[in-house]
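**Q** Would you mind keeping the following structure in view while I ask a few things?
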Amino acid sequence: SFFDTQYSFHLSKLKLKLRSSIMTIIYQKCLYVRLAERSEFSDGEIQTFMSVDTDRTVNLANSFHDAWSLPFQIGVALYLLYTQVKFAFVSGLAITILLIPVNKWIANLIANATEKMMKQKDERIRRTGEILTHIRTLKMYGWEQIFSSWLMKTRSSEVKHLSTRKYLDAWCVFFWATTPTLFSLFTFGLFALMGHQLDAAMVFTCLALFNSLISPLNSFPWVINGLIDAFISIRRLTRFLGCSEYKHELEQAANSPSYISNGLSNFNSKDMAVIMQDATCSWYCNNEEEQNVVLNQVSLCLPKGSLVAVIGEVGSGKSSLLNSILGEMMLTHGSIHASGSIAYVPQVPWILSGTIRDNILFGKNYDPQSYSETLKACTLDVDISLMVGGDMAYIGEKGVNLSGGQRARLALARAVYHGSDIYMLDDVLSAVDAQVARWILSNAIMGPHMLQKTRILCTHNVQAISAADMVVVMDKGQVKWIGSSADLAVSLYSGFWSTNEFDTSLHMQKQEMRTNASSANKQILLQEKDVVSVSDDAQEIIEVEQRKEGRVELTVYKNYAKFSGWFITLVICLSAILMQASRNGNDLWLSYWVDTTGSSQTKYSTSFYLVVLCIFCMFNSFLTLVRAFSFAFGSLRAAVKVHNTLLTKIVNAPVLFFDQTPGGRILNRFSSDLYMIDDSLPFILNILLANFVGLLGIAVVLSYVQVFFLLLLVPFWFIYSKLQFFYRSTSRELRRLDSVSRSPIYASFTETLNGSSTIRAFKSEDYFMAKFKEHVVLYQRTSYSELTASLWLSLRLQVGLALSYAAPIVSLLGNFLSSFTETEKEMVSLERVLEYMDVPQEELCGYQSLSPDWPFQGLIEFQNVTMRYKPSLPAALHDINFTIEGGTQVGIVGRTGAGKSSILNALFRLTPICGGQILVDGLNIINTPVRDLRGRFAVVPQSPFLFEGSLRDNLDPFHMNDDLKIWSVLEKCHVKEEVEAVGLETFVKESGISFSVGQRQLICLARALLKSSKVLCLDECTANVDAQTASILQNAISSECKGMTVITIAHRISTVLNMDEILILDHGHLVEQGNPQTLLQDECSVFSSFVRASTM
């Protein structure tokens, strides 16, 4: 017993080490593999590598040792049989051997099914991730239903393969369970037919040997399956780990070093920060596909210390240019050389979940002075002073509780604080309003921190372009023009300026611009500084993950039975009991036969005894089959029901739930916990049932034979249950801790996947690696404690086992109790899933149904509306009153974080309002069914959303429009050319990486126009588009949307100048409203100060 426990202990320790190292390797790979290499794997796949494949690979350790020890045990038992019944055992053996190829064949089928199931599982987890990430947008569109139905489709094909697997398993179990019965039948039959006498001693010795054969024979197929699973997983992991990694030397050449040496001699490379020669780059690794080239033969030299503005239309390759310098793309030709350290701000800012300070420091040391200067330069000091908790305020996943402008400035502050040699800023100014943009330009980008550094800025902002030392014009992946900003206006690219805000201040002296800007902005900031409240403790937005205490309640088991269906549960229990009865009958009949032969009063012939034995056998086999299949059926039904119920509940939860709960935590329920419920829970339950019924059977037989024996059981039962109770309470808590400590691993993993390019640019890989290792260490600790506890128990029980040779019942008792404990541990998964089944739900049904063509005019009234995102937070909208007439176009303007997007949140009922009412066409929207309501408005959200699927599905998921209409709308939105190049059926990759951010916004606009609703809401939809396209779009919207109510949230003043009315918000108060032209005449109005800021 002692040796056995030691073996298990060392083996499990090895498994833990293996698991943590595999997890760490996968994570490390994600940190170092550049985006182009990673494009072959979807995010869902990489997440499955982490959760499922790791576990399977680790289980190889078990299967490996069993693969040699089990045949050895079988051999010994067979030899002992030979000594008893001579060659009669061969017939029994023949049956067993015949069953082996059958099992092998089944095992192969199982392996195939598993591989297909894993594929579907990857896809399902990817889709679930997609839904969880974009849940806000999906709710605005009213698309949760259709997305859930797509997810359910994936799930049902996953379950199809799972069911193949389960039913094949059932056959496996059936074959192995009938083996001992057949074995005894054939062996004794042959022995008797050979003319030998059966006597009691021999029969019972043989039966004991058969029983010792059952266990190794039974576990053999599982060992084989385990090995197969592990090899499949290892193959999948190898494919991923085989990707080539990103090298830190910032000099890349396409497999010909000669390029670099020739190139560098032409000019003095000491003064150049970035040198690109003939660089051709693409996003995909496979070189065959020439059409994937994003940058074509680009040659550029950017001098050190200059401010370079990269401009160009949507999709001209601006972001790709930065990515190629960062080394994220495949360089197929030419060379790229960058000298010095790099700070990078991507177009979609990457925000960590953590405090604001963590986000800016990003692993660097805290230096109070430069930190506060950085905050000032990025105007974050004002925002931070308004937050509960100051810069220690906690930001949720992906910065959910920050406005778009705040996210962009936070990412910029991170770059400024890092003080690198080269700054790459991808469109930082588009998310902020004109005043803030001007302040950032003069104090951050051209401020003391960055003045001597090389700054590469992709932008559409006029002031930034006119301030630049060098302008690079990109077009369709090529550099079209390079020169100074002064030449730009004269050159052929005057088109960029023609439609712009105000064509005045182009050649204004940069010096002058700096002084004016800072003085004007000082006043703005001073006015805002009066409202400052600071609290020291970090306010937790995200609740700490709950875990239940005490034993798993009976209701959890009841729920499981309910999910699999009561009738099935009954059938399973009945067949199990009858099966045990037939087995006991078999044994009783044998002993009766032996008794009669011994007393030499043979009443019946040998054949009669054999026939009765046969009947018992058949009966037993049939019941085994029934049990195995009904179990498989029940567990599948439960798996399907649990997933669908969980999904429905999660999707119907309000937005607040997702803001408070990190996606990784919900995803953990959908991946690890569901995997337990699909797979290991039914397996353990089946064993528990078998042990329980076996115990019952023996107890019944004993009470029939010797009642005295039952009295002996009482002390055993008492000792065992005491030990069990002591252990059970520990093991359960440890299992729960284990699940809770797994969540942060997944959460940080998902986060790193999204921001790996930023991490590489800042060279912070080691910092993230260290953070990840901390999570893993915590996980290791809980797993290790769980392991030692279970081995503690098994050692205690095995000492009891030594006694069990005296009575097999003791061992059955032990088995029963330990399988009960295991079941309880697995049930924790179900308990965790059930916990998310009672999350708060949105009120989906209203008592006022909407008529088919509502809204009729699109008249929107806000009456004393007050809204807060959480009861503990300050109000985002204070007592707001305004009326928007039907068919008018209204702009909403204000500083970042003033509450502009909150107006849409209130209108779409994403966040319930706490006071006042909102009427649309005189109907109070609180009384309408919420999904119906959202479906009646068209919206273009702040961050453009494309999902994986065909482009047509993206534009029109419900298939309401024909191609003609789709093409005409695409033409109006100026993306027809780009789409024509690939066709409507083209497959959009994850979150739309095949399109640039500007193109994505245009596609989302096309999607909104296709909906042809009376109310259209645009949330900063032209932020990432160049000024020319923006004005074209503005005209398209005003001509397309005659008679529609259009609400536009904008930072570009030019977008709202021609509106019918504008609303100006500040800190949740409506400070001004009226016609923009009239307000412009009034020197003192807030609006005219905004306009002045944008022209200076």
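**Q** I want the local charge near Thr133. Using Cβ-Cβ distances under 10 Å, sum +1 for each Lys or Arg and -1 for each Asp or Glu among the other residues.
**A** -1
**Q** List every residue whose amide H lies under 5 Å from the amide H of Glu1072, counting only residues 5 or more places away in sequence or on a different chain, with H placed 1.01 Å from N in the peptide plane.
**A** Amide H neighbours of Glu1072: Ile1064.
**Q** Using a cut-off of 16 Å between alpha-carbon atoms, which lysines can reach Lys104, once sequence neighbours fewer than 8 places away in the same chain are excluded?
**A** Lys166
**Q** Report the one residue of Thr48, Leu674, Asn584 whose Cα lies farthest in the direction of the positive end of the charge dipole of the chain (charges on C-beta: Lys and Arg +1, Asp and Glu -1; origin at the Cα centre).
**A** Asn584
**Q** Taking every DSSP beta bridge that has both residues in the chain, what percent is antiparallel when rounded to the nearest 5?
**A** Antiparallel bridges make up about 55 percent of those DSSP assigns within the chain.
**Q** If one computes P(r) from the Cα atoms of the range 933-984, what percent of pairs lie at distances over 15 Å?
**A** For the range 933-984, the fraction of Cα-Cα distances above 15 Å is 56 percent.
**Q** Can I ask one more? Against the longest alpha carbon principal axis of the chain, how many degrees, from 0 to 90 and to the nearest 10, is the axis of helix 606-651 turned?
**A** 20
**Q** If you take every residue apart from Ile568 with its C-beta less than 13 Å away from the C-beta of Ile568, what net charge results, scoring Lys and Arg +1 and Asp and Glu -1?
**A** My count for the surroundings of Ile568 gives +4.
**Q** Another question, if that's okay. Projecting each Cα onto the charge dipole of the chain (Lys/Arg +1, Asp/Glu -1 at the beta carbon, about the Cα centre), which of Ala279, Cys1084, Cys1017 comes out farthest on the positive side?
**A** Farthest along the dipole direction, towards plus: Ala279.
**Q** So what's Rg/Rh here for the chain, counting alpha carbon atoms and using the Kirkwood radius for Rh?
**A** Across the chain, the Cα-based Rg/Rh ratio is 1.07.
**Q** Sorted by packing (mean other beta-carbon atoms within 10 Å per residue), highest first, where do 939-946, 659-666, 891-898, 563-570 land?
**A** Values: 939-946: 23.1, 659-666: 21.2, 891-898: 24.6, 563-570: 15.6.
Taking the mean over residues of other Cβ atoms within 10 Å, the ranking is 891-898, 939-946, 659-666, 563-570.
**Q** Could you name the lysines in cross-link range of Lys318, using Cα to Cα under 26 Å and dropping any fewer than eight places away on the same chain?
**A** In chain and number order, the partners are Lys247, Lys270, Lys304, Lys398, Lys453, Lys476, Lys480, Lys510, Lys763, Lys972, Lys976, Lys989.
**Q** A further question on this structure: What length, rounded to one decimal in nm, is gained on full extension from Ile146 through to Leu18, with 0.36 nm per residue of separation minus their alpha-carbon distance? The partial results should precede the final answer.
**A** Numbers: separation 128, 0.36 × 128 = 46.08 nm, distance 4.08 nm.
My answer for the length gained is 42.0 nm.
**Q** In terms of Cα to Cα distance under 19 Å, which lysines are near enough to Lys722, apart from those fewer than 8 places away along the same chain?
**A** The qualifying lysines are Lys825.
**Q** Also, I was wondering about something else. Based on DSSP, what percent of beta bridges with both residues in the range 860-1095 are antiparallel, to the nearest 5?
**A** Looking only at bridges with both residues in the range 860-1095, the antiparallel portion is about 50 percent.
**Q** If packing is taken as the average number of other Cβ atoms within 10 Å across a peptide's residues, how do 576-586, 431-441 rank, most packed first?
**A** 431-441, 576-586
**Q** How large is the charge dipole for the chain, taken about the Cα centre, if only the Cβ atoms of Lys, Arg (+1) and Asp, Glu (-1) carry charge, to the nearest 20 debye?
**A** 3180
**Q** In percent, how large is the relative contact order of the chain, given Cα pairs closer than 8 Å and 6 or more residues apart?
**A** It rounds to 14 percent for the chain.
**Q** In the chain, if the dipole is taken from +1 on Lys/Arg beta carbons and -1 on Asp/Glu beta carbons about the Cα centre, which of Pro944, Gln917, Cys30 is farthest to the positive end?
**A** Farthest towards the positive end: Cys30.
**Q** How much length would be gained if the chain were fully extended between Gln546 and Tyr767, taking 0.36 nm per residue of separation minus their Cα-Cα distance, in nm to one decimal?
**A** Using 0.36 nm per residue and subtracting the Cα-Cα distance, I get 76.7 nm.
**Q** Where does the chain land at 222 nm, in deg cm²/dmol rounded to the nearest 500, when only DSSP H runs of n ≥ 4 count, each adding -39500 (n - 2.57), divided by all residues?
**A** Using -39500 (n - 2.57) per qualifying helix, the result is -20000 deg cm²/dmol.
**Q** Full-extension gain between Asp421 and Cys573, please, as 0.36 nm times their residue separation minus the C-alpha to C-alpha distance.
**A** Taking 0.36 nm per residue and subtracting the Cα distance, the gain is 47.5 nm.
Each reported figure results from applying straightforward, stated rules to the coordinates on display, with no laboratory input. The shown structure was predicted, so the numbers you read here are calculated from the model rather than taken from an experiment. As a convention, Cβ positions derive from the backbone with ideal geometry for all residues, glycine included, and neighbour counts pool all protein chains shown.
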